[in-house]
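Would you mind keeping the following structure in view while I ask a few things?
The values are calculated or read from the model by the stated rules, or taken from the named source; none is laboratory data. Predicted model, so just to flag it, every value in this text is computed and none were measured. Here Cβ is always computed from backbone atoms with ideal geometry, including for glycine, and neighbour counts include all displayed protein chains. These accessible areas exclude ligands, DNA and RNA; they are computed on the full protein's heavy atoms, side chains included. Shrake-Rupley method; radii C 1.70, N 1.55, O 1.52, S 1.80 Å.
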Amino acid sequence: MSKKIPITLLCGYLGAGKTTLLNRVLTNQKGYKVAVIVNDIGEVNVDEALISREAKITDTSSIVPLTNGCICCNLKSDMVTQIEELMKTGKFDYILIEASGVCEPMPIAQAIEQIEVGQLDNVVGVVDASRLVDEFDEGKSLLKDDIEEEDIESLLIQQIEFCSTLIINKRDLVSDEQMKMVRAVVNKIQPTVKVIETTKCEVSVDEIIGTNRFDFETVYASAGWVKALEEHEEHLHDDDHDHEHHHHDDEEVCEKCGHHHGQDESCEEHKEHCDHHHDHEHEGHDHDEKCCCHHHHKHRHDGESEDEYGIGSFVYYRRRPFNRIKLDEYASRWPRSIIRSKGVMWFSDEDDMAYVLETSGRQIQAGYSGNWLAACPKEEQEQVLAEEPDMKKDWDEKVGDRMVKLVIIGRHLNREEIEKDLDACLD
C-alpha cells in the first residue's frame, strides 16, 4: 500500500488570516512539496491570485481553485476528486486546504477521512481575537437580530470547537485583559486544543504541517459540551457512591458509542447493542452522533462553575419529553447569554425517536438520531438490559432510556430562569 499523503485543513471566518497563514507555510515548506486547494464561495477565487503572487508560486498546477460553493456541503465531492487527482500526479507529498470563510470543519474532515491514500494531519482554526472580544464581551454584539451576524457566531463556534490547532490571530489588536477573556471563551468551547496567539499569523510552520496532531475521535470528544457531559456523569456516579444508592463497577463512557460499558469490553463488542441507533444526517452533513444509551434515573443538580469572566456551563437533565410547539416558541426567544448547547432529547408526539438538539448562538437545530431502546422490541430490550447491568440500573420504569440531557455553555447564565423556561416546554 502506498504511503498516505498528509493533509492540513485551514478553517476560519473571512478576514481571520487564513490566506496570510497559508502564504507563510508556502514560502517555508520545510522540505515538503505542497499542493493547495483553495475554496471560495464566489465566482472569482480572490485567494488563489493572492496566494500565487505573495507566495511566488510558479507552478500553477499546485493551486486548485474550488469556487461557487462550500467544500463542507455542495463541493465536498469535488474536493475529494481534486485531492485524489493531486495525489495521482506524484508531484506533491503534502496538501493544504484553505476552506472558505463560511465552512464548518467537521463535514470536511469526515470527507477527507474516507480518502484511502490521504491522512488528515492537522485541522487548523484561525480566529480574529478582536472579533472574539466583540462577539462575547458583555454580549454587546449579540443585541442585533440580524441573521448574518448569527450565522457568523455559529461558524466561529464550530471552527473553534472542531480543530486540533487554534490560531488566535491579531493579538496586537486586543489588550491583555481582553485576551484573557478570549482565552476563557475558547477554553469553555474547546478546553484541550493547542492554542497559539499570533500577530499577522507569525507562527512556526512546524505547528501547521507535519504535526500528526489530528485524530477525529479525540477532537470530537474534546469539545466543551462533551467534557461537560462527562463531568455530569462523574458527578452523578460520585453522588451515588456517597449516598450508597448504587455500587457501580469500573466503567467508562465510550466516546464512539456514548455507552457506559466495562473497561474489559471494547466498543466493537458493545456495538451490537447499539444497532437501534444510527448516524443522523443534519442539514446535509453526516454527523457521527453517539448512541443515546447513557442515562440516570434521577435528576441531580451538579455544581456549575463560572470563571472570572462569568463563562460557565451546566447540564439540563429531565425524563420528560419536550412539547414541539412550546419548544419552537421558546427557540424564538432563546437566551442570548447561551453561547453553545448540545444534547439529546425527545418530543411527546414522537416518543420513539431520539433527537440531537444543537445551538450555536441563536441558531437552533434538531436532527433525528435513531430510536430509543425503549421503542425497540421487548426481546431486544431484555437482551440489552440483561447484558448491560449498569444500563438496567439507570432504566426508568415509565420512559425506559428516554431523556432530555442538554449541555448549556454561556456567559452570566441564569440557570434557574433557563431551567424554568425549558421546564415550561415539557409535556
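Any chance you could count how many residues in segment 156-171 are open to solvent by 10 Å² or more (accessible area, probe 1.4 Å), in a helix (DSSP H, G or I) and over 11 Å from VAL219 (Cβ atoms)?
Qualifying residue count, segment 156-171: 2.
Taking segment 105-138 as the region of interest, how many residues are touching a strand residue (DSSP E or B) at 6+ places or on another chain (Cβ under 7 Å) and either modelled with pLDDT under 75 or not in a helix (DSSP H, G or I) (or both)?
Of the residues in that region, 13 qualify.
Going by what's in this entry, would VAL384 be described as more than 20 Å from the chain's Cα centre (by Cα) and at pLDDT 85 or above?
Considered against the rule, which asks whether it is more than 20 Å from the chain's Cα centre (by Cα) and at pLDDT 85 or above, VAL384 comes out as yes.
Right, next: Could you check segment 87-136 and list, in sequence order, the residues that are open to solvent by 40 Å² or more (accessible area, probe 1.4 Å) and acidic (Asp, Glu)? Can you show your working first?
Step one: filter segment 87-136 for residues open to solvent by 40 Å² or more (accessible area, probe 1.4 Å), giving 88-91, 93, 102, 104, 113-114, 116-117, 119, 131, 134.
Selection gives ASP93, GLU104, GLU113, GLU116, ASP134.
Any chance you could count how many residues in segment 50-71 are within 23 Å of GLY15 (Cβ to Cβ), at pLDDT below 85 and assigned to a loop (DSSP other than H, G, I, E, B)?
Number satisfying all stated conditions: 6.
Quick check on ARG340: is it in a loop (DSSP other than H, G, I, E, B) and out of contact with any Leu (no Cβ under 8 Å at 6 or more places or on another chain)?
On the way: in a loop (DSSP other than H, G, I, E, B): no; out of contact with any Leu (no Cβ under 8 Å at 6 or more places or on another chain): yes.
No; evaluated as a whole, the condition is false for this residue.
Something else about it: Which residue out of LYS180, LYS188 is part of a helix (DSSP H, G or I), buried (at least 22 other Cβ atoms within 10 Å of the Cβ) and modelled with pLDDT under 90? Break it down into steps so the answer makes sense when it comes.
Values: LYS180 fails: buried (at least 22 other Cβ atoms within 10 Å of the Cβ).
One residue alone meets the criteria, LYS188.
Would you pick out the residues in segment 207-223 that are in contact with a Lys or Arg (Cβ under 7 Å, 6 or more places away or on another chain) and not in a loop (DSSP other than H, G, I, E, B)?
Of everything in segment 207-223, just one residue is in contact with a Lys or Arg (Cβ under 7 Å, 6 or more places away or on another chain) and not in a loop (DSSP other than H, G, I, E, B), namely GLU217.
Let me ask something else. Working only within segment 329-356, note down all residues that are touching a Gly at 6+ places or on another chain (Cβ under 8 Å), of a type in the set (Lys, Arg) and open to solvent by less than 60 Å² (accessible area, probe 1.4 Å).
Hit for segment 329-356 is ARG340, nothing else.
Check whether at least one residue in segment 3-24 is open to solvent by less than 70 Å² (accessible area, probe 1.4 Å), part of a loop (DSSP other than H, G, I, E, B), touching a helix residue (DSSP H, G or I) at 6+ places or on another chain (Cβ under 7 Å) and modelled with pLDDT of 85 or more, and report yes or no.
Kept after step one, since they are open to solvent by less than 70 Å² (accessible area, probe 1.4 Å), are these residues of segment 3-24: 5-13, 15-23.
From what's left, part of a loop (DSSP other than H, G, I, E, B): 12-13, 15-17.
Now narrow it down to the ones that are touching a helix residue (DSSP H, G or I) at 6+ places or on another chain (Cβ under 7 Å): 12-13.
Next cut, modelled with pLDDT of 85 or more only: 12.
Within segment 3-24 (the criterion being open to solvent by less than 70 Å² (accessible area, probe 1.4 Å), part of a loop (DSSP other than H, G, I, E, B), touching a helix residue (DSSP H, G or I) at 6+ places or on another chain (Cβ under 7 Å) and modelled with pLDDT of 85 or more), the answer is yes, since at least one residue qualifies.
In segment 382-414, what residues are in a helix (DSSP H, G or I) and open to solvent by 20 Å² or more (accessible area, probe 1.4 Å)? Show your work before the answer.
Of segment 382-414, the ones in a helix (DSSP H, G or I) are 382-387, 389-393.
Within segment 382-414, GLU382, GLN383, LEU385, ALA386, GLU387, PRO389, ASP390, LYS392, LYS393 meet the criteria.
Still on this structure, I have one more. Please determine whether any residue of segment 345-364 is part of a loop (DSSP other than H, G, I, E, B), basic (Lys, Arg) and modelled with pLDDT under 85. Lay out the reasoning, then the answer.
Initially, segment 345-364 is screened for residues part of a loop (DSSP other than H, G, I, E, B), giving 348-349, 361-362.
In the following step, the residues that additionally are basic (Lys, Arg) were identified as 362.
Retained after the next criterion (residues that are modelled with pLDDT under 85): 362.
Yes, there is a match, as at least one residue in segment 345-364 is part of a loop (DSSP other than H, G, I, E, B), basic (Lys, Arg) and modelled with pLDDT under 85.
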